[in-house]
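Each remark here refers to the structure printed beneath this line.
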Amino acid sequence: MNSDYPFAAVLFDMDGTLVDNVPLHQQVWREFTQLQGLNLSEQELEFAKGRKAVEVIASLFGDNLSPEEISRLTQERQVLYRERLASTNLVKLIPGVKEFLLGLGELGIPRILATDAPQSNVEAIFRKFGFSSYFEQLVTSDDVEHGKPNPQIYLVASQRAGANPEACLVAEDSEAGVKAAKAANCACLGLTTTQTEADLKLEGADFIAPDYVNLPEAIALKRRQP
């Protein structure tokens with residue numbers, strides 16, 4: 001473990017954690033479900049936050065769908081999301097995220113992406129915001145069987161970082177993501193980009209911040225003296 005930082009690796013969720021795109025995701029879920037003849041409340045759509053699209057489709061559309069139909073609808077929904085992502089300027093970086101990633105890299109701390117988004121969505125975000133050089137490893141929904149709040153993705157990510165889960169810090173924004181991090185025995189930074197501080201703490205977040213500019217002192221990068 002690097003003596004200049006209290007964790008051996010930092011594992012990052014993507015949506016709502018690197019970029020402020022959760023409102024776009026929810027907008028796309030609303031549009032997609034309406035196209036499919038469902039008129040869902042905002043509360044019902046809350047279930048989608050931080051979860052694998054295939055699991056959301058299976059939950060929202062009921063148990064009558066075959067695996068093939070679920071797969072087809074999932075693909076259609078992801079295509080619609082990437083189309084909307086490419087045409088919007090509303091999605092922004094979470095303040096301070098690139099500076100934090102760069103600082104970790106300078107310290108030699110492995111930076112691992114661990115997202116329930118599929119590889120194609122990750123590539124779309126990375127192209128739009130130039131993230132490719134900021135991560136040593138990527139773990140996507142294509143790499144795991146179970147989505148958050150199951151801890152599998154963070155267990156895989158910590159393994160790829162070469163670190164014990166207990167020595168890893170997870171950056172998350174969703175209740176499902178915080179649950180997954182804590183179930184994997186990782187420490188967790190809860191970002192209040194999509195959920196309240198109270199909700200994130202309820203799920204066990206160890207640290208709370210609005211963004212990477214205002215991190216708690218315990219996990220902020222020390223400023224180098226000139």
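Do we find that Leu138 is open to solvent by 20 Å² or more (accessible area, probe 1.4 Å), under 14 Å from the mean Cα position of the chain (by Cα), within 28 Å of Pro6 (Cα to Cα) and touching a residue at least 12 places away in the same chain (Cβ under 8 Å) in this structure?
Values: open to solvent by 20 Å² or more (accessible area, probe 1.4 Å): yes; under 14 Å from the mean Cα position of the chain (by Cα): yes; within 28 Å of Pro6 (Cα to Cα): yes; touching a residue at least 12 places away in the same chain (Cβ under 8 Å): yes.
For Leu138, the condition - open to solvent by 20 Å² or more (accessible area, probe 1.4 Å), under 14 Å from the mean Cα position of the chain (by Cα), within 28 Å of Pro6 (Cα to Cα) and touching a residue at least 12 places away in the same chain (Cβ under 8 Å) - is met.
The set of residues in the stretch 185-208 that are farther than 16 Å from Glu46 by Cβ, buried (at least 24 other Cβ atoms within 10 Å of the Cβ) and not aliphatic (A, V, I, L, M) comprises Cys186, Cys188, Gly190.
In summary, Val28 fulfils each of the numbered conditions (1) open to solvent by less than 30 Å² (accessible area, probe 1.4 Å); (2) touching a residue at least 60 places away in the same chain (Cβ under 8 Å); (3) assigned to a helix (DSSP H, G or I) with the single exception of condition (2). Against the numbered list (1) within 16 Å of the chain's Cα centre (by Cα); (2) assigned to a helix (DSSP H, G or I), Arg84 comes up short only at (1). Of the helices (runs of 4 or more DSSP H) lying entirely inside the stretch 124-214, those containing at least 2 residues that are of a type in the set (Val, Ile, Thr) and in contact with an Asp or Glu (Cβ under 8 Å, 6 or more places away or on another chain) are 152-161.
Residues that are in contact (Cβ under 8 Å) with a residue 24 or more places away in the chain, more than 25 Å from Thr193 (Cβ to Cβ) and assigned to a loop (DSSP other than H, G, I, E, B): does the stretch 12-20 have at least one?
Going residue by residue through the stretch 12-20, those that are in contact (Cβ under 8 Å) with a residue 24 or more places away in the chain are 12-20.
Then drop every residue that is not more than 25 Å from Thr193 (Cβ to Cβ), which leaves none.
No, the stretch 12-20 contains no residue that is in contact (Cβ under 8 Å) with a residue 24 or more places away in the chain, more than 25 Å from Thr193 (Cβ to Cβ) and assigned to a loop (DSSP other than H, G, I, E, B).
Condition first: open to solvent by 60 Å² or more (accessible area, probe 1.4 Å) and assigned to a loop (DSSP other than H, G, I, E, B). Can you find one or more residues in the stretch 66-76 that meet it? Among the residues of the stretch 66-76, not one is open to solvent by 60 Å² or more (accessible area, probe 1.4 Å) and assigned to a loop (DSSP other than H, G, I, E, B), which makes the answer no.
Cβ separations smaller than 9 Å between residues 6+ apart or across chains give the following pairs from the stretch 43-62 residues that are under 16 Å from Gln78 (Cα atoms) to residues that are open to solvent by 40 Å² or more (accessible area, probe 1.4 Å) and of a type in the set (Phe, Trp, Tyr): Val56/Phe47; Leu60/Phe47.
Hey, can you tell me all the residues within the stretch 31-50 that are part of a helix (DSSP H, G or I) and either modelled with pLDDT under 90 or under 20 Å from the mean Cα position of the chain (by Cα) (or both)? Glu42, Gln43, Glu44, Leu45, Glu46, Phe47, Ala48 - these are the residues of the stretch 31-50 that are part of a helix (DSSP H, G or I) and either modelled with pLDDT under 90 or under 20 Å from the mean Cα position of the chain (by Cα) (or both).
Test of understanding: among Phe100, Phe129, which residue is among the aromatic types (Phe, Trp, Tyr) and open to solvent by 30 Å² or more (accessible area, probe 1.4 Å)?
Working: Phe100 fails: open to solvent by 30 Å² or more (accessible area, probe 1.4 Å).
Within the list Phe100, Phe129, the selection yields Phe129.
What are the residues in the stretch 167-184 that are farther than 13 Å from Arg51 by Cα and either at pLDDT below 95 or open to solvent by less than 10 Å² (accessible area, probe 1.4 Å) (or both), if any?
Here is the first cut: in the stretch 167-184, the residues farther than 13 Å from Arg51 by Cα are 167-171, 181-184.
Hits for the stretch 167-184 are Cys168, Leu169, Val170, Ala171, Ala181, Ala184.
Residues in the stretch 106-126 that are open to solvent by less than 30 Å² (accessible area, probe 1.4 Å) and free of Cβ contacts under 8 Å to residues at least 40 places away in the same chain: 1 in all.
The values are calculated or read from the model by the stated rules, or taken from the named source; none is laboratory data. It should be emphasised that the depicted structure is a prediction, and the values quoted were computed from it without experimental measurement. We place every Cβ from the backbone using ideal geometry, glycine too, and count neighbours over all the protein chains shown. Surface areas here come from the heavy atoms of the whole protein model, side chains and all, with no ligands, DNA or RNA. Shrake-Rupley method; radii C 1.70, N 1.55, O 1.52, S 1.80 Å.
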